[in-house]
1. Kindly check whether there is at least one residue in the stretch B:107-116 that is at the interface with chain C (Cβ under 10 Å from one of its Cβ atoms), hydroxyl-bearing (S, T, Y) and surrounded by 22 or more Cβ atoms within 10 Å (Cβ to Cβ).
2. Can you pull out every residue in the stretch B:27-62 that is more than 23 Å from B:D198 (Cβ to Cβ) and not in a loop (DSSP other than H, G, I, E, B)?
3. Could you pull out the residue among B:Q168, B:Q147 that is in contact (Cβ under 8 Å) with a residue 40 or more places away in the chain and polar (S, T, N, Q)?
4. Can you name the residue in the stretch A:94-153 that is under 12 Å from the mean Cα position of the chain (by Cα) and polar (S, T, N, Q) and is also farthest from the other protein chains (Cβ to nearest Cβ) among such residues?
5. Can you name the residue in the stretch D:87-139 that is among the acidic types (D, E) and away from chain C (no Cβ under 12 Å) and, of all such residues, is farthest from C:F85 (Cα to Cα)?
6. Could you grab me the full set of residues in the stretch C:173-186 that are more than 19 Å from the chain's Cα centre (by Cα) and without any contact (Cβ under 8 Å) to a residue 40 or more places away in the chain?
7. Do you know which residues across the stretch D:115-143 are farther than 28 Å from A:D130 by Cβ and of a type in the set (G, A, S)?
8. May I ask you to say which residue of B:V345, B:V355, B:V365, B:V394 is more than 25 Å from B:I225 (Cα to Cα) and among the β-branched types (V, I, T)?
Amino acid sequence: MSQKVLDALTATHGAALARTGSAHGDDIAWVRRESLLEVARWLRDDPAMAFDAPVFCTCIDWLDWHPVGRPASEHWSEGKPRFTVCYQLRSVAHRHRVRLEIELPEEDPRLPSLAELWPAFNWQERETFDMYGVRFDGHPDLRRIYMYEEFVGYPLRKDYPKEKRQPLVRRDDLPENPPASTER
Amino acid sequence: MSDTVTLTIDGKPVTVAKGTNVLEAAKTLGVEISAFCYHPGLPIVAQCRQCLVSIEKNPKLQPSCQQVVADGMVVHTTDPVSTLARKQQLEFTLVNHPIDCPICDKAGECTLQKLYFDHDNADSRVDTPKVHKAKVVDIGPHIVLDQERCILCSRCIRTCDHVSGQHQLEFAHRSDHELLTTAPGEQLDNPYSLNTVDVCPVGALTAKDFRFTMRAWELDATPSICNGCATGCNIEIHHKNERAWRLVPRHNPDVNDYWMCDEGRFTYHDLREHRLAGPTVEGLPASWDRAIASAAKRLGVFLKDPAQVGVVLSATCSNEDNYALARLAKEWKVGLVLVAGKPPVPARADGRLRVADVNPNAAGVKAIAAALGLATTPSFELDRAPPANLRALVVLGDVLPGFDAARLKELEVIAVASHERGVVTGARVALPIAAWAEAAGTVTNAKGRVQRMHAAFAPPGQAIAGWDAIARLGHATGVKLAWSHAREVWKDMVAQVAAWKDVTWAREVRPLALRFAGSRG
Amino acid sequence: MPDTRTLKQLVLGRKDVQDLSDNEQELPPELMTVNMGPSHPAMHGTVRIVLTVDGERVVRGDVQPGYLHRCFEKESEHATYTQVFPYTDRLNYVSPMINNVGWAMVGEKLLGLTGKLPRRTEYIRVIVSEMSRMTDHLTCVGASAMELGAFTPFRYLLKCREWLYELLEKVSGARLTHSYVRIGGVSKDLPSDFHADLTLALDRIEGVLVECEGLLNNNKIFYDRMSGIGVMTREHAIATGCVGPIARACGVDYDVRRDYPYSIYPELEFDVPLGTTGDCLDRYLVRLEEIKQSIRMLRQCLAQIPDGPVMADDHRVALPPKRDTYNTIESMIRHFKHIMDGVRVPPGEAYAFVEGGNGELGFFVVADGTGRPYKAYVRSPSFVHLSTAGDLIRDHLIADVVPIFGMINMIGGECDK
Amino acid sequence: MGVELTTTRVADAAAWAKLFKQSRIDKATNWGRKFSLFTYPFVTACCGMEFMSVAAPKYDIARFGAEFPRFSPRQSDLLMVVGTITEKQGPALKRIFDQMAEPKWVIAFGVCASTGGFYQNYSAMPGCDQVIPVDVYIPGCPPRPEQVLDALILLMERIQAGRGHSQLRTKRDKLAATAAEE
């Protein structure tokens, strides 16, 4: 539907894109993080694009990525980018949508914040930071949003155990040792 | 003449080593060709006909397991002809298969289920009554056979012939009355018999040890190393609810290929028996703080003249635990460093996987002691008479051959062990530590190969990792060993042991839920 | 006009106000920090607001969600696709059916089943979705009215909701958390007398709506406390990602059902109500109108719904008949793999979205070919709307926080995931 | 008017009169307490919808004298924990419970409040009894309104028998104090 968005992006910002593609009707542009701000600003301001409505921002942790029926080269291995941050945008006027995906290495998961361009990403980037530990440079207020300040680690990363609790308060008369499953 | 071959599978070019079969070549592309009788570790017989593919310029469908790749070969795995052939083969296989999934131990990791679900999902066109065969046939000390479920792939027969070298299983009768049975006058009784259960693609062969205890899809798998002997077979611990339910071999061409011995599989029982769950002082339960303080006080008396103190390293414990204690021994400048371990069992050695040394880490202890410049003595060489001036002993592990009980009673024994037996029962202070399946660490096998173990579940009660317990003990006696993770102990250790400096500490592996791992029959 | 002392006592809430010197005529100039929540009667669900107030006027509001973070995403990564349906129920627990439909749609998108479902399935999905939308709006309007002191409409509207709950219970077996939809269809057909029951319920609800409009729209107190409160401009609404009734109240003409049509919405006749001022009153009016539009759509659905199967005829998603399961090995295996391994969704990533009770509700799923999602993200409208709350309550009185929050209709489960 | 009121609870009133005559004053007080529960609805999640239903016309919790929600812990004696309690919420819950005056009772409404339900993860607490003591647990996700009413009746029986957790604690403390004096 909005292949023309990808075409226009490739034509104007070809160097900024790692690749583009469509899957299940969603158009995706993999953007290099150095050029993210520039691409995003153009998408918002260019009248033919006019992506004025932000939809969502999230992150994918590829640590356990072993897709069934795909060759080993597509599986995640050490050295490949571990995180992909996704921004989905929508245009009210043109009714097209596009998803920007930015691949980030494990040791340096940071990228420029888009909260200045679209205020909606303020909280959503905070959420992504809270859950995945991805840092957004230039974010006005980057702190945890769902979890509490005392929480250590980033719970939606694949290596955070699902049941690892970090209690703030417990009853005095509870048994001293919590069950082992919560300890690990 | 190059030693690789390039062919096309489903339109994609692939380059593989010469001599590879088509099935393996397809696997490198992520194309899984269905098969029952093919097993990468066994001789190929191509009898299940489940892996038929069409190869251009070839008039008939070919079994991809037997077909060796050739340059320029064009293979189709998804064309209508071969797909139909495989579907019909599957339908045929299921004709006499009993409706056992809800009570079958293989359900959830069954190749037959997997292939049917991947392929067909069509109803059978055959509605003749099923042929019934014997459901419970006791064919050996460890294994029960269900002849109805058997799909006659002969993997188990080849496993017996190939892995243990004993021909104990074979087929009898013909047609749909053909069945698997033991060879005349034989039982399925060899040291590697349980490998047949692993390779069985259906639930025909089930282990008496595991059947009806836990559903396979409920388990989580954590890679580890078998601690049953010095071979160091690569295994997976299948665990749930903080306990192990079975051990299965993990493929490693350099150590154990696809196999392991029966004895090794049963070592997990030991993880739940005679465990030391909390620290004790003089045989009575104590808190960690009190136990450590008590041990330090007792040791402190004799550490003024370190020759009175002995330290026992253990070939049954991990490199990290041994290194921690060896460091402590060096800092204390103790007079005697012993190495304990279980006595060898010469009858075990069979030239295959089993060796006489039943300690997992004898080589590791040796390397660590040598690197730290400690002169060690094997404990059994003491001939039941430790040096007369020995007054206190810090023992890692629970085995200490070479001492008789009466002599031990006279010593101040501080035991750091996972099990409450042997030397631990008489110890003045006992500190509980994690067993091999419960803490991250490494062991070194007889060939000097350092292999990594991952923590599958938490240790029981108040037990902690061995190096941690030893570091606490050291701290209380004034030796600062600041480690917060086994990785740091490892880092410290490889800096000293030259032979291991190229070995890297791999990322922690999280348990894999078998339910979502696809069937691995 | 109360005297300064009383006023001081009111605002500062200090008993020792008499200790203040008598010549201090003005209120103390410094700002005060007031904590609202996380358990506060006027907060739907649990959210905490740290208000900085100048007297009664809000200078700054730091809205802190997360008190109901139940880890939808982490739980989904450890459950099969079908097992996620109960979790989606509990996202927006006021309109669970719409969440079910959204989750089913993302699975279908990845499996390539979109648009290939039996017609009856699509109709049933729209019927239950619209019923859920009505329960959502009825609760929102009723609860907000109650918070402004109008207790009668609350009871009237909850009575309506009860009728819908009873119907949905007949359909799915549960009053609130239905888990009714499946990937590829719905779990069972509508009950036999559903047609008549729903018609009756719709008629009765229409009657109650007239009563409530009479009680609220012409109510001076209600009107004054809603009108001109929490005004948002159209541009602000778009830039902050607002969707659904809130955006429509600001004049943003966007409705997923019409603009990115799915299911059988293109075949139904309905209007998208729009507001003009973007204040709380408009949000209330838009919601009221949407209830009426839902009734209109439901009547059309009831008239048009065809007979047929309720599950796609695709072995990847449909369970075999129970009779075969117990009698043939083929169906037994299929059933077993379905339940134990889950619906195997081929590797890929997709974003599917529906018009939820609060607007565009989307699920972004990364599948790795196993029976469980590799990643499941929910684009929850409540979370986005709540992020605007800090701006909306600025320069309003503390009392106005209540209608503003009521009309944002923040649903804890959805907002905090 | 007084007649009308008593006719609804003739049996109870008669029992009360009897108790009062026997000067079992604590039993009489308990009788009074059980019919005048002031609820603090600690509503966090989905169960709140059913809590509304319980309060709304059809199920009408008013029949049991517990219809009036007090949103101040200082004015209430029944804490209804309605919905999932997260680790982040824990301190708030404990604080509210601590602020309530004795005697007080707690109902865990729904499985999330009872055990965490199917939310077994890093954020959801495995039951609010990790933080505060609970008198009655109501299973269900969410529980049907009938179940809630049943739980309320159970609690009322407990209150009458003086077996609420805070009543028991008060009794225990009193005994301890007496023992200490002796």
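1. yes
2. B:T28, B:L52, B:V53, B:S54, B:I55, B:Q62
3. None of the others qualify; the one that does is B:Q147.
4. If we take residues in the stretch A:94-153 being under 12 Å from the mean Cα position of the chain (by Cα) and polar (S, T, N, Q), then A:S113 is farthest from the other protein chains (Cβ to nearest Cβ).
5. Let us first name the residues in the stretch D:87-139 that are among the acidic types (D, E), namely D:87, D:98, D:102, D:129, D:135.
Cutting the leftovers down to away from chain C (no Cβ under 12 Å) gives us D:98, D:102, D:129, D:135.
On the way: D:D98: 37, D:E102: 42, D:D129: 28, D:D135: 32 Å.
The extreme case among them is D:E102.
6. C:G173
7. D:G140
8. The unique qualifying residue is B:V394.
The values are calculated or read from the model by the stated rules, or taken from the named source; none is laboratory data. Predicted model only: the values in this text are computed from it and were never measured. We place every Cβ from the backbone using ideal geometry, glycine too, and count neighbours over all the protein chains shown.
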